[in-house]
């Protein structure tokens, strides 16, 4: 039996980075993003910490259990 493809959890609508601002939804094509050099921030706080005082990153901001999470 073939395995079904896994669909990643959508990111939070408040997650932002320079690559996202410049490239829009094609941000994953940005060389800095691909190299892991992208800094993220939360649009609600304008900081690398969310309103819940937890780190902001692509992985952290895909957690539906966070109180500040709003699906993109």
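Read the figures in this text as sums done on the coordinates, not as results from a lab. On a predicted model such as this, the values are computed, not experimentally measured, just so you know.
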Taking 0.36 nm per residue of separation between residue 68 and residue 49 and subtracting their Cα-Cα distance, the length gained on full extension comes to 5.7 nm
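Based on the alpha-carbon set only, what is the convex hull volume of the chain divided per residue, in Å³?
So the per-residue Cα hull volume is 110 Å³.
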Per-residue [θ]222 nm for the chain (sum of -39500 (n - 2.57) over DSSP H runs n ≥ 4, rounded to 500):
-2500 deg cm²/dmol
